[in-house]
Amino acid sequence: MRNKHHVLVLGNVREEGLSVLREFAELTILPEPAQKADILAAIQKADAVLHKIAKTDADVIAVQKKVKIIARHGVGLDDLDLDAIKAAEIPVSVTSTANSNAVAEATVGLALAAARHFAQGDAMIKRDGLWEREHLMGREIGNTTVGIVGFGRIGRRSAKLFNAFGAKIVVYDALPGSLVDCSYQTAELDELLQISDIVCLHCPLMPGTRHLIDKARLALMKPDALLINTSRGGLVDTGALVNAVKNGKIGGAALDVFDAEPPDFADPVFKQPRILTTPHVAAMTVEAQVQMAILAAKEIRRVLVEGLPPTNNIFT
């Protein structure tokens, strides 16, 4: 007997989540990178969308006929036209607890790699055949002040991990309510940038946060400070960042996210040795990917099969 529900899966989703969906639905799976024409065709018969990665704009929402939920495989919303989705009265859920530890661990790992010049050391040996370790003098995390910009689940977990190294933690969040139970020092953003040795970004990309870290704010940072971004690429003006690193205004950076993904690999940000780059892998752990796939699938089952509202509709 054919399943009465149809689910559109956008992106490369783990089988653990797909198997949950197959219990009650037929699937159309569009692997990365999904093309807009394929999305436009497939969404017309979809009752739900499991969204990992793909631009879902007003054109896409306009042609859907019966989507009852968009379940995000993750927490970022910048691929979704939220105005169009809200106008169509489609709930959007996120897997807000699934990848926090993975991204926090990646943040600390990137900070360690940048502070200790691990990538340059690897290149020195493998590419250059050199052993000039005096050129790779680093610093210890335990002797730093770490600024956490955004104190949600990932920011909180990152703060806890850095604190375990002995670092002093300073926190900024634009929403005062996020800091009610914060046990760390808090500061306004500009002050945080001035006093931090490592600045970690953990806030969402919205119109008000695009290029949150621009030329003016980079100028506030210490000349040996590091900027770590595992959130969204649009938070940082990468052109200004390249100039700041090149001119010694800050010590370096580590970026896991970019404005366009995949990015233009000719961009100067990829030519700067003191800017460590990785291809949006902070949440790419087996544990996080399995949990995100399963939780998103269960949200869809909750709506389509059980007839219940999603547990975490972002619009409510």
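Given R₀ = 45 Å, what would the calculated FRET efficiency be for F270 paired with F24, taking r from the Cβ atoms and rounding to 0.05?
Details: r = 44 Å, r/R0 = 0.98.
About 0.55, to the nearest 0.05.
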Exceeding 23 Å between C-alpha atoms, which entries from my cross-link table qualify? They are K36/K68; K168/K222; K36/K86; K215/K271; K249/K271; K86/K215.
K86/K215
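Quick check on the exposure proxy: order V108, V103 from fewest to most C-beta atoms within 10 angstrom.
Working: V108 22, V103 25.
Starting with the residue having the fewest Cβ neighbours, the order is V108, V103.
Could you put S178, S100, S183, S158 in order, starting from the residue whose Cβ has the fewest other Cβ atoms within 10 Å?
Numbers: S178 18, S100 21, S183 8, S158 28.
Going from sparsest to densest Cβ surroundings: S183, S178, S100, S158.
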Neighbour counts of other C-beta atoms within 10 Å: give me C203, C182 arranged from fewest to most.
C182, C203
Inter-part distance where region 237-316 and region 1-66 are each reduced to a Cα centre, Å:
21
Under 18 Å from a label point 7 Å along Cα→Cβ of D214: give me every residue in region 255-296 with its amide N that close.
259
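Give the peptides 269-279, 10-20 in descending order of average Cβ contacts within 10 Å, highest first.
Numbers: 269-279: 16.5, 10-20: 18.7.
Result, highest mean Cβ count within 10 Å first: 10-20, 269-279.
Can you give the calculated 222 nm mean residue ellipticity of the chain, where each DSSP H run of n ≥ 4 adds -39,500 (n - 2.57) and the sum is split over every residue, rounded to the nearest 500 deg cm²/dmol?
On the way: 11 runs with 104 residues, N = 316.
The helix contribution divided over the chain gives -9500 deg cm²/dmol.
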Show me the ranking of peptides 191-202, 256-267, 241-252 by mean Cβ neighbours inside 10 Å, starting with the highest.
191-202, 241-252, 256-267
Calculate how steeply helix 100-116 sits against the longest principal axis of the alpha-carbon atoms of the chain, using the helix alpha-carbon long axis, and give the answer as 0 to 90 degrees to the nearest 10.
20
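For region 221-282, what is the Kirkwood estimate of the hydrodynamic radius, computed as the reciprocal of the mean inverse distance between distinct Cα atoms, to one decimal in Å? Walk me through the numbers before you get to the answer.
On the way: mean 1/r = 0.0868 Å⁻¹.
So the Kirkwood estimate lands at 11.5 Å.
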Extreme residue, positive dipole direction of region 83-217, given options V146, A216, T97 (C-beta unit charges)
T97
Compute the angle between helix 286-304 and the longest alpha-carbon principal axis of the chain, please, reported from 0 to 90 degrees and rounded to the nearest 10.
30
Once amide H atoms are built 1.01 Å from N in the peptide plane, which residues 5 or more positions from I29, or in another chain, come under 5 Å H to H?
V9
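Every read-out reported here was derived from the displayed coordinates using simple, explicitly stated rules and does not represent laboratory data. Bear in mind the structure is a predicted one, so any value in this text is a computation, not a measurement. Using ideal geometry, Cβ is built from the backbone for each residue, glycine included, and neighbour counts are taken over all protein chains shown.
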